[in-house]
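One structure below.
The values are calculated or read from the model by the stated rules, or taken from the named source; none is laboratory data. Fair warning: this is a prediction, and the values are worked out from it, not measured in the lab. Neighbour counts run over all protein chains shown; Cβ positions are idealised from the backbone, glycine included. Heads up: the accessible areas ignore ligands, DNA and RNA and are worked out on the full protein's heavy atoms, side chains in. Shrake-Rupley method; radii C 1.70, N 1.55, O 1.52, S 1.80 Å.
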Amino acid sequence: MPPDRGRASQACTACRKQKTRCYETTVGRPCLRCERLGQECSHSFQSLSGQNEGRETLMNNIGSDSNRSADERFEFLEGRCNNLESIIKSLACRLDDIQRKLPSQSTNPIGDSHGQIVEPTQPELRAKNADQPPPPLFVLRDATTQSGIRPTEGTATNTQSRGLSDDIIIKGLVNEQNALNLLALFQEHYGRWVSFSTLMPTPRLLDDVRRSPLLLSACCLIAVRHSTQELAIQLAPRLFREVKTLLSTAMLAVPQPIEFFQASLVLSMWSTTIGQVPLSIDSWLLSGFALQHSIASGIFSIVGEGLTLSKRELDRLCIWNHLCLVHLHYCVGTRRKAVLDRKDVDRCRLVVGSDYATNFELRMVSEVYLYWIIYESFNTTVDLPRTQAALHAWKDEWSFLLEQPRSQFVQMGFYFAKLLVYDQSLKARSAAVRESLLSEMIRLSTGIMNLAMDTTDERTRHLTDHIYHMISFAAVTLCRLLHNYEAQLSSSHDLHGLDSLILSLVSWLHAIGLPSHVAHTMGDVVAAFHKRLRPEIHPSPSSSYADVDPAIQDDFAQLFPELFGPVSFDAVDNSMLPEFQPVL
């Protein structure tokens with residue numbers, strides 16, 4: 001388990017009210033929970049008197065220092081004033097940017113005081129959708145909270161902004177050889193997402209990428225989890241701090257070059273866990289910012305869109321498509337509004353007719369349309385027949401992809417879409433229909449899990465985080481169904497076999513990559529959730545399962561904010577369970 005942060009000698013008012021543990025940061029600053037939630041903390045007022053005394057002492061020293069001339073004292077104070085004015089101006093610009101770029105019906109996400117993109121609180125979102133089952137990533141969030149996964153120690157975010165001309169090599173975070181090795185890993189396994197040429201020698205690619213310190217930092221941050229555990233432990237936190245600093249600065253500049261959009265895509269796609277640090281980056285917000293920035297930059301505008309695309313134009317459109325895809329992933333996963341409309345989605349289809357389009361790009365376009373169907377179905381009262389018809393029309397249109405390589409992800413996405421729709425409509429159905437839906441939901445959940453395990457290959461560890469979200473959500477959903485409907489399902493299903501499948505998936509997830517990989521985290525979530533809801537099931541001896549302690553109670557609100565949300569839930573109220581009605 002990650003090292004525990006030191007608890008405050010006395011909990012702040014907010015933490016006492018929520019009955020959660022209070023972790024201090026620095027004397028005079030808010031506690032960890034209040035700081036990340038952006039709320040007032042009683043700890044931040046305890047050292048005001050000391051701060052005032054310190055400021056008074058500083059001014060006395062400045063005024064009484066006989067060695068300072070009047071000009072030196074004036075320059076010193078003028079420098080401090082200029083620095084404060086610069087900070088205030090930056091904050092004002094940032095707030096103006098947020099208000100201008102975000103839709104009015106959004107959940108009002110903001111950046112924290114250090115420019116870090118954080119997750120908005122969700123009570124109003126949950127209240128608005130109280131009659132609906134929780135969205136899939138919130139289900140995983142609640143499962144993690146209930147299961148006892150401890151939060152890791154947060155990283156400092158108050159790094160002073162530096163010039164963008166200095167990259168991680170110049171700053172000494174990594175040497176040039178390590179940067180070459182990490183970029184080579186990224187180029188091989190992730191380069192196609194950001195249109196890196198597979199034929200370009202890595203030293204030349206490094207020269208190109210170094211023009212954007214943010215892109216270089218993001219690529220190395222993703223690649224480090226495929227190096228060694230020692231390097232990941234040492235390097236990931238430092239790279240993450242650097243990424244947050246560069247990203248907060250880049251948000252204020254318009255227009256942005258293509259490297260900004262590449263970096264935003266990388267950080268959004270693999271934001272769950274990188275290295276040893278659970279990231280506090282909200283993929284929905286970051287991808288939304290990037291899509292809004294694209295309007296100002298015009299970098300994805302194509303002249304004569306009906307004409308044949310050049311290779312350069314195709315590469316640009318592919319990056320646009322991938323930004324749209326990851327944004328829709330998190331719109332569906334957290335049930336928040338998209339900054340896209342139907343015209344933007346249809347624009348993704350432009351790559352289909354290109355001579356340069358690959359199977360990979362066609363699959364991405366098909367996913368964009370699939371998640372747009374799910375997104376639209378959740379914005380209105382659920383209409384099961386209509387949504388089913390739309391999903392089957394989608395499958396008919398893209399069925400040719402099922403005969404091509406990597407078709408398991410097309411099938412997995414289709415199963416996931418249907419599972420979400422059935423989960424959405426389960427409560428409103430008659431008893432007979434609900435029983436039928438339960439059987440279909442079990443079939444879809446097991447189908448996703450089996451597809452994942454049966455198609456394991458050398459690329460599995462390099463999949464996007466969203467694939468692991470789908471697989472884990474299927475397992476958590478199956479756990480809930482077995483827990484709620486054991487008596488009804490026992491006559492028609494092999495419950496022992498279903499429990500065994502969940503445990504096999506846990507072992508499979510724990511066998512992927514380094515312990516810092518997202519699969520390990522998702523494996524812990526599924527194992528602890530199953531152990532909590534199905535305590536009578538005794539698996540065969542497995543250290544990966546036995547080490548998970550579902551009785552751990554702690555403040556888990558800060559773990560994976562972009563995936564599980566910042567709001568903590570009482571561990572005894574079964575809030576992670578949907579409001580399923582029993583089958584009559």
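See the values below:
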| quantity | calculated |
| --- | --- |
| Residue pairs meeting the criteria (Cβ under 9 Å; at least 6 apart or on separate chains; first farther than 24 Å from T228 by Cβ, in segment 178-203; second not in a helix (DSSP H, G or I)) | R192/T198; R192/T358 |
| Residues satisfying the stated conditions in segment 376-406, i.e. among the hydroxyl-bearing types (S, T, Y) and surrounded by fewer than 18 Cβ atoms within 10 Å (Cβ to Cβ) | T380, T381, S399 |
| Criterion violated by D524 - all others in (1) over 22 Å from M441 (Cα atoms); (2) touching a helix residue (DSSP H, G or I) at 6+ places or on another chain (Cβ under 7 Å) satisfied | (2) |
| Inter-residue pairs, beta-carbon under 7 Å, first in contact (Cβ under 8 Å) with a residue 24 or more places away in the chain and within 16 Å of Q404 (Cβ to Cβ) and in segment 349-362, second open to solvent by 20 Å² or more (accessible area, probe 1.4 Å) and of a type in the set (V, I, T), 6+ apart | L362/V352 |
| Filter pass, E230 being modelled with pLDDT under 90, of a type in the set (D, E) and surrounded by fewer than 20 Cβ atoms within 10 Å (Cβ to Cβ) | yes |
| Residue match in segment 308-315 (condition: open to solvent by less than 30 Å² (accessible area, probe 1.4 Å) and in a helix (DSSP H, G or I)) | yes |
| Any helices (runs of 4 or more DSSP H) falling wholly within segment 429-537 and containing at least 3 residues that are over 27 Å from the mean Cα position of the chain (by Cα) and modelled with pLDDT of 90 or more | 431-454, 495-510 |
| Meets criteria (polar (S, T, N, Q), out of contact with any Leu (no Cβ under 6 Å at 6 or more places or on another chain), modelled with pLDDT of 65 or more and over 30 Å from A528 (Cβ atoms)) for T13 | yes |
| Residue in segment 256-265 that is under 27 Å from C331 (Cβ atoms), of a type in the set (G, A, S) and either open to solvent by less than 10 Å² (accessible area, probe 1.4 Å) or modelled with pLDDT under 85 (or both) present | yes |
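Conditions tested, residue by residue: (1) open to solvent by less than 10 Å² (accessible area, probe 1.4 Å); (2) in a helix (DSSP H, G or I); (3) under 22 Å from V421 (Cβ atoms); (4) touching a Gly at 6+ places or on another chain (Cβ under 8 Å).
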| residue | (1), (2), (3), (4) |
| --- | --- |
| C318 | yes, yes, no, no |
| H327 | yes, yes, yes, yes |
| V332 | yes, yes, yes, no |
| K337 | no, no, yes, no |
| V345 | yes, yes, yes, no |
| V352 | no, yes, no, no |
